[in-house]
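Here's the structure, in structure tokens; my notes come after.
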Amino acid sequence: MESDVLLVAVIVTALAFDFTNGFHDTANAMATSIATRALAPRRAVALSAALNFAGAFVSIKVATTIAEDIVDSHLVTLEVLFAGLVGAILWNLATWAASLPSSSSHALIGGLVGAALVSKGGDAVKSDGLFSEVIIPAVLAPLIAGAVGLLATFVAYRVRTRMSRERSDSGFRLGQLGSASLVSLAHGTNDAQKTMGIIALALIAHGSLDSGSGIPLWVKLAAATSIALGTYLGGWRIIRTLGKKLTGDVEPPQGFAAESSAGSVILASSYYGFPLSTTQVTSGAVIGSGIGKRLAEVRWGLAGRMVTAWLITLPAAGVVAAGAFELADALGAGAGALIVGLAGAAIAAGMFVVVQRRDPVTAETV
Amino acid sequence: MRVATLVDVDALWHVALYSVLAAVGLVTAYGTAVVALERGEDQGGWRIVGVTAVLACLALLAVGFWAMTQK
């Protein structure tokens, strides 16, 4: 009975994380399209939501990398998964409140590592995997995407000299429909799969699913729906940061080049099994496009704040998850998870209300 | 712990190379298609260039979608 309650808590929390993941990462695909007015804000998030939903079904291989390569999967319990997810959700909301794009995947990994450390000690964490799958790619992702974005933007502006300004703007705005759609679809294949993997692990740990028997359809549907709903809600604060604040006014050739660069890097890294964060790739491509556009402005102070958020995502989510684990453990597995889950939901709701009252950003004001 | 042993340098090199080729290729092909659309109204030869550029864009998108399904 206690493990049933814990399983339900993990599934609900995993879907809540998936929701915040979509909500947090809408900006990755749509920020520059909204900034250049290639798409109206509501239409942009609706398109992105539909493509994230579809993307969840494109690849059938489940992303269990998180639980296999970062922490010892034999030591992953329902309690560890639950606490890790709570840490990831609260960190996602904290960075959303600060209007900073940060990696949802890194928040999830940080949460799992933090919970696994306090639960089973240092042996539960695979340090080689943590370095090769998370820390080194986190350093390389913005650099690669930035360089690609710089080159692509330089080329876009060279091509633009051969046509009229009106044709250039209308043509590249139209192109952004395709480039933003590609990034949305790629995001759905990456991120919805992670939640499916977490729920599958929870079902295996509970004994409700045989290891290696594949992902049940209801898990796929639930994860795809959750990330799509989160995407549709639109993380307007982060969209404003990426689309308008980071490099000033984004022009259509710049937006098209940034999205094409982000899509290319995400797909190439996925194909070669080199795990790069979608958020860091997109942010790097936007910064690169700002440098590649002549006389464009990159607000380095804001870029520095983003990098700081990236650096502290792992430890911060880990600390919150460790606290959640200790608290749930002290209160007893089933009841503890319920109480911690409800407390986490209350903190999240409170944070949302306070931030939206203090500095509301909506589809109309983004 | 050496960084070189932790990073798949071969994969990293391929990611960087193909990302540059795809992004710059897509921007060049699409930009050329837009130029051709504008100039094709006056000069017929640009229509062939435009169609070729559009086909190049579609081919790049098809490769991207294929890569997505290979994860």
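The values are calculated or read from the model by the stated rules, or taken from the named source; none is laboratory data. What you see is a predicted model, and the numbers here were worked out from it, not measured in a lab. Note: ideal-geometry Cβ built from the backbone for every residue, glycine included; neighbour counts use all protein chains shown.
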Legend entry - Long-range neighbours under 6 Å by Cβ, at least six apart or interchain, first residue part of a helix (DSSP H, G or I) and surrounded by fewer than 23 Cβ atoms within 10 Å (Cβ to Cβ) within region A:167-194, second at pLDDT below 95 and among the charged types (D, E, K, R): A:Arg167/B:Glu38
Legend entry - Answer from A:Ile204, A:Ile199 - the residue that is part of a helix (DSSP H, G or I), out of contact with any Gly (no Cβ under 8 Å at 6 or more places or on another chain), away from chain B (no Cβ under 11 Å) and without any contact (Cβ under 8 Å) to a residue 24 or more places away in the chain: A:Ile204
Inset, instruction - Check region A:40-57 and report whether any residue there is under 24 Å from A:His206 (Cβ atoms), of a type in the set (A, V, I, L, M, F, W, C) and at pLDDT below 90. - result: yes
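So that you can scan it fast, the table gives a plain yes or no per residue for (1) within 9 Å of chain B (Cβ to nearest Cβ); (2) surrounded by 24 or more Cβ atoms within 10 Å (Cβ to Cβ); (3) farther than 18 Å from A:Ala44 by Cα:
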| site | (1), (2), (3) |
| --- | --- |
| A:Leu242 | no, yes, no |
| A:Lys245 | no, no, yes |
| A:Tyr272 | yes, no, yes |
| A:Ser277 | no, yes, yes |
| A:Thr282 | no, yes, no |
Inset, instruction - Inspect region B:38-45 for any residue being out of contact with any His (no Cβ under 7 Å at 6 or more places or on another chain), in a helix (DSSP H, G or I), within 7 Å of chain A (Cβ to nearest Cβ) and modelled with pLDDT under 95 and give the result as yes or no. - result: yes
Inset, instruction - State yes or no: is A:Ser181 within 30 Å of A:Val355 (Cα to Cα), within 14 Å of chain B (Cβ to nearest Cβ) and at pLDDT 90 or above? - result: yes
Inset, instruction - Name the single residue, out of those in region A:141-171 being at the interface with chain B (Cβ under 7 Å from one of its Cβ atoms) and hydrophobic (A, V, I, L, M, F, W, C), that is farthest from A:Tyr272 (Cα to Cα). - result: A:Met163
Inset, instruction - Among the candidates A:Ala107, A:Ala98, single out the residue that is in contact (Cβ under 8 Å) with a residue 60 or more places away in the chain and under 15 Å from the mean Cα position of the chain (by Cα). - result: A:Ala107
Inset, instruction - Out of the residues in region A:315-342 that are loosely packed, with under 14 Cβ neighbours inside 10 Å and small (Gly, Ala, Ser), state the one that is modelled with the highest pLDDT. - result: A:Ala330
